[in-house]
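Below is one structure, written out as structure tokens, with a few remarks after it.
The values are calculated or read from the model by the stated rules, or taken from the named source; none is laboratory data. Quantities reported herein were computed from a predicted structural model and do not represent experimental measurements. Positions of Cβ are generated from backbone atoms using ideal geometry, with glycine treated the same way; all protein chains shown enter the neighbour counts.
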């Protein structure tokens, strides 16, 4: 049961996981993982060695040596990555090729999304008190949007949610308010739509980039759109809707992951399986599963994890302590450790070969 819970926690992250700033540095929480486009040799993958962090490429080759104290990355194809040196109090940004881009010296900058990163600054308020506000820098470290927001989040599809009071709205990459402050709760945009609620404790619907509700508020909770569908919760049960708000599957599930490549892993009455967009069972007899990427998804029938194809056949045998969905060419897996009773994080390629850590 613990392994199943760990898999669900790692593979299905809820919409309103937010990227926040605070405690003198940026703390980035990644949004729900959607189906990732397979792009060869363009992603960097985070690794840890003796408490230090770096990045490898899809061949397992070291691109950024593990000499840093922490890291950040966006999961975006060809995305920049970030490392932190706490001794000199610097955050260093690198391109996906490992080339240094900029240095943030105050330890108050976030990960680059859509070419812009959040940063935090102390500013003087109208009453002469010092307050914390948030703005944005570009990939060269230039301030492009001044720190005027009480709360701000990463850009997604060209828009970022911000507020200067209690209500939230959205700005574009020029800092222009394109969706007015009128929402109590909001999400990032995904596939052209974002979740929003008008009142505290109110129902959720979906807005378009103009701020208009195209799916009326009527759900207790929602997930981001992925593969043309979104999981929604009503009265403690999950179902799926399409972009018109029409039910693909009514709320009758006890667990629902995002659709990817036409399939979604769900649970009904303690039984787990994959469904298609007609709500039909397609792959059964699994205890855990994740999203598909390039035709493969992590799955388990018991105590270990492997990877299945869309027919439900294990094409990478079940052998790992835990397994994540593929991101580009590699997938993160948990491997037994020869130095402790615990696991170590590693990466495999699409043939199931371990590319990190190096195998003797």
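Pull up the stretch 142-163, narrow it to residues that are in contact (Cβ under 8 Å) with a residue 12 or more places away in the chain and in a loop (DSSP other than H, G, I, E, B), then point me to the one that is farthest from the chain's Cα centre (by Cα). Once the filter is applied, the top-ranked residue is 150. Applying the condition of being in contact (Cβ under 8 Å) with a residue 40 or more places away in the chain and outside any strand (DSSP E or B) to the stretch 164-191 and asking which residue is farthest from residue 259 (Cα to Cα) yields 173. When 345, 325, 311 are checked against the criterion of being under 23 Å from residue 54 (Cβ atoms) and at pLDDT 95 or above, a single residue qualifies: 325. Only residues that are without any contact (Cβ under 8 Å) to a residue 12 or more places away in the chain and in a strand (DSSP E or B) were counted across the stretch 67-106, and they come to 1. On the stretch given as the stretch 239-275, residues that are surrounded by fewer than 16 Cβ atoms within 10 Å (Cβ to Cβ), within 24 Å of the chain's Cα centre (by Cα) and closer than 16 Å to residue 312 by Cβ total 1. Using the structure shown, decide if residue 302 is out of contact with any strand residue (DSSP E or B) (no Cβ under 7 Å at 6 or more places or on another chain) and either at pLDDT below 95 or at positive phi (or both). Here the answer is yes, as residue 302 does meet what is asked.
Can residue 219 be described as more than 23 Å from residue 183 (Cβ to Cβ) and within 24 Å of the chain's Cα centre (by Cα)?
Considered against the rule, which asks whether it is more than 23 Å from residue 183 (Cβ to Cβ) and within 24 Å of the chain's Cα centre (by Cα), residue 219 comes out as no.
Among the numbered conditions (1) in a strand (DSSP E or B); (2) surrounded by fewer than 18 Cβ atoms within 10 Å (Cβ to Cβ), tell me where residue 64 comes up short. For residue 64, the exception is condition (2).
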